[in-house]
Amino acid sequence: MRYRVIALDLDGTLLTPAKTILPESLAALHQARQAGYQVLIVTGRHHVAIHPFYQALALDTPAICCNGTYLYDYQAKKVLSADPLPVNQALSLLDLLDAHHIHGLMYIDDAMVYETSTGHVERTRKWAEHLPAAQRPVFRQVDSLRQAARDAQAIWKFALTDSSNDKLSDFTRSVESELGLACEWSWHDQVDIARQGNSKGNRLAQWAASQGIDMQEIVAFGDNYNDISMLKNVGLGVAMGNAVDEVKKCADLVIGANTEPGISEVVKKYFSGVPA
């Protein structure tokens, strides 16, 4: 099989724990682009939170954001395709969050909004402080998430964190059974909630079809549950060494952790024209 596309998750995969890209990965991906291959970011992040990585990779492809909820064109600064949450479902979810005493970060339009700051928000704020102003993700505290949901043009997803993963697990079961929404773990302490049917794998397949690319011509890298739909449906699904066991079982290949140059080694091996 001749591979044509490299699809990359960010956190836990392309990014190190310090939220940087290894120089080996940067070099190999740049060489792959120079050789005519396409490199695509496929992430759980909002598009406003991937500026530094998109620019470091010097990409011209759209980015798949919020676990496949939408496809964003950075060149035109517009959403190309999307399946956002209906407002009524977002409001029902907010009622359920209140009932379970869980705080949510709501991804809308061009910002992430919240009522009560969480550890996730503070960690990201701390990371963003070191970025140029134009690359910083947009966080905004609001008086009412319900009003923000009513005012938004699009609600992409909710990101939930809590000190208890058991509590989050119980909550996801309630969300799935009562609201019919999709829940995916995107980090060891974060659950993402979006419209049913949205996934990295589905949006990647839609984009590939629009480009005349077969999914078997794609090599994808990931580390967490929200990557499974992508890894299982491409030509070569690659799990990081730091991936959870369930993800490794769904992959065709397991490489080193995100602190090691495994991504660059795979790119050099499977993409002709990229010097070893």
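Restricting attention to the stretch 172-185, and to residues there that are over 19 Å from residue 222 (Cα atoms) and not aliphatic (A, V, I, L, M), which single residue is surrounded by the most Cβ atoms within 10 Å (Cβ to Cβ)?
If we take residues in the stretch 172-185 being over 19 Å from residue 222 (Cα atoms) and not aliphatic (A, V, I, L, M), then 172 is surrounded by the most Cβ atoms within 10 Å (Cβ to Cβ).
Among 58, 28, which is touching a residue at least 24 places away in the same chain (Cβ under 8 Å) and touching a helix residue (DSSP H, G or I) at 6+ places or on another chain (Cβ under 6 Å)? If you could, list the steps in order and put the result at the bottom.
Values: 58 fails: touching a helix residue (DSSP H, G or I) at 6+ places or on another chain (Cβ under 6 Å).
Among 58, 28, only 28 is touching a residue at least 24 places away in the same chain (Cβ under 8 Å) and touching a helix residue (DSSP H, G or I) at 6+ places or on another chain (Cβ under 6 Å).
Modelled with pLDDT of 95 or more and buried (at least 17 other Cβ atoms within 10 Å of the Cβ) - does that describe any residue in the stretch 158-170? Show your work before the answer.
Filtering the stretch 158-170 down to residues modelled with pLDDT of 95 or more leaves 158.
From what's left, buried (at least 17 other Cβ atoms within 10 Å of the Cβ): 158.
Yes, the stretch 158-170 contains a residue that is modelled with pLDDT of 95 or more and buried (at least 17 other Cβ atoms within 10 Å of the Cβ).
Could you count how many residues in the stretch 186-198 are surrounded by fewer than 22 Cβ atoms within 10 Å (Cβ to Cβ) and farther than 20 Å from residue 113 by Cα?
Initially, the stretch 186-198 is screened for residues surrounded by fewer than 22 Cβ atoms within 10 Å (Cβ to Cβ), giving 187-189, 195-197.
In the following step, the residues that additionally are farther than 20 Å from residue 113 by Cα were identified as 188, 196-197.
Total satisfying the criteria: 3.
Within the stretch 16-29, is even one residue assigned to a strand (DSSP E or B) and not basic (Lys, Arg)?
So the first thing to find is which residues in the stretch 16-29 are assigned to a strand (DSSP E or B), and the list is 21.
From the residues that got through so far, the ones that are not basic (Lys, Arg) too are 21.
Yes: the stretch 16-29 contains one or more residues that are assigned to a strand (DSSP E or B) and not basic (Lys, Arg).
Regarding residue 219, is this residue assigned by TED's automatic domain parsing to the domain that holds residue 25 and either in contact with a Cys (Cβ under 9 Å, 6 or more places away or on another chain) or crowded, with 16+ Cβ neighbours inside 10 Å (or both)? Working first, answer last.
Numbers: assigned by TED's automatic domain parsing to the domain that holds residue 25: yes; either in contact with a Cys (Cβ under 9 Å, 6 or more places away or on another chain) or crowded, with 16+ Cβ neighbours inside 10 Å (or both): yes.
Against the criterion (assigned by TED's automatic domain parsing to the domain that holds residue 25 and either in contact with a Cys (Cβ under 9 Å, 6 or more places away or on another chain) or crowded, with 16+ Cβ neighbours inside 10 Å (or both)), residue 219 qualifies.
List, please: which pairs have Cβ atoms under 6 Å, are six or more places apart or on different chains, and start with a residue in the stretch 63-76 that is of a type in the set (Phe, Trp, Tyr) and end with one that is surrounded by 24 or more Cβ atoms within 10 Å (Cβ to Cβ) and assigned to a helix (DSSP H, G or I)?
Correct list of pairs: 72/47.
Please go through (1) among the basic types (Lys, Arg); (2) closer than 18 Å to residue 9 by Cα; (3) assigned to a helix (DSSP H, G or I) for residue 157 and return the number of the only condition it doesn't satisfy.
Single failed check for residue 157: (3).
Only one of 276, 257, 239 is small (Gly, Ala, Ser) and buried (at least 19 other Cβ atoms within 10 Å of the Cβ). Can you tell me which? Break it down stepwise before answering.
Working: 276 fails: buried (at least 19 other Cβ atoms within 10 Å of the Cβ); 257 fails: buried (at least 19 other Cβ atoms within 10 Å of the Cβ).
Just a single option satisfies the conditions, and that option is 239.
Only residues in the stretch 117-129 that are closer than 14 Å to residue 190 by Cα count as the first member; pair them with residues that are in a helix (DSSP H, G or I), Cβ under 8 angstrom, at least 6 apart or cross-chain, and list the lot.
Going by the 8 Å Cβ cut-off, the qualifying pairs are 124/49.
Which of the helices (runs of 4 or more DSSP H) contained wholly in the stretch 43-151 include at least 1 residues that are surrounded by fewer than 21 Cβ atoms within 10 Å (Cβ to Cβ) and at pLDDT 95 or above?
Numbers: elements: 51-57, 87-100, 119-128, 145-151.
Where helices (runs of 4 or more DSSP H) fall fully within the stretch 43-151 and carry at least 1 residues being surrounded by fewer than 21 Cβ atoms within 10 Å (Cβ to Cβ) and at pLDDT 95 or above, they are 51-57, 87-100, 145-151.
What are the pairs with Cβ atoms under 6 angstrom where one residue, in the stretch 170-194, is of a type in the set (Phe, Trp, Tyr) and the other, located anywhere, is crowded, with 21+ Cβ neighbours inside 10 Å and outside any helix (DSSP H, G or I)? Sequence gap at least six, or different chains.
Hits for this filter: 185/191.
Determine if the stretch 239-255 includes at least one residue that is in contact with a Cys (Cβ under 8 Å, 6 or more places away or on another chain) and touching a residue at least 12 places away in the same chain (Cβ under 8 Å).
Here is the first cut: in the stretch 239-255, the residues in contact with a Cys (Cβ under 8 Å, 6 or more places away or on another chain) are 239.
Still in the running and touching a residue at least 12 places away in the same chain (Cβ under 8 Å): 239.
Within the stretch 239-255 (the criterion being in contact with a Cys (Cβ under 8 Å, 6 or more places away or on another chain) and touching a residue at least 12 places away in the same chain (Cβ under 8 Å)), the answer is yes, since at least one residue qualifies.
List every residue pair whose Cβ atoms sit under 8 Å apart, with the two residues 6 or more apart in sequence or on different chains, where the first one lies in the stretch 79-106 and is free of Cβ contacts under 8 Å to residues at least 24 places away in the same chain and the second, anywhere, is part of a strand (DSSP E or B).
Hits for this filter: 80/70; 80/71; 80/72; 80/73.
The values are calculated or read from the model by the stated rules, or taken from the named source; none is laboratory data. Quick caveat: nothing in here was measured; it's all calculated off a predicted structure. Positions of Cβ are generated from backbone atoms using ideal geometry, with glycine treated the same way; all protein chains shown enter the neighbour counts.
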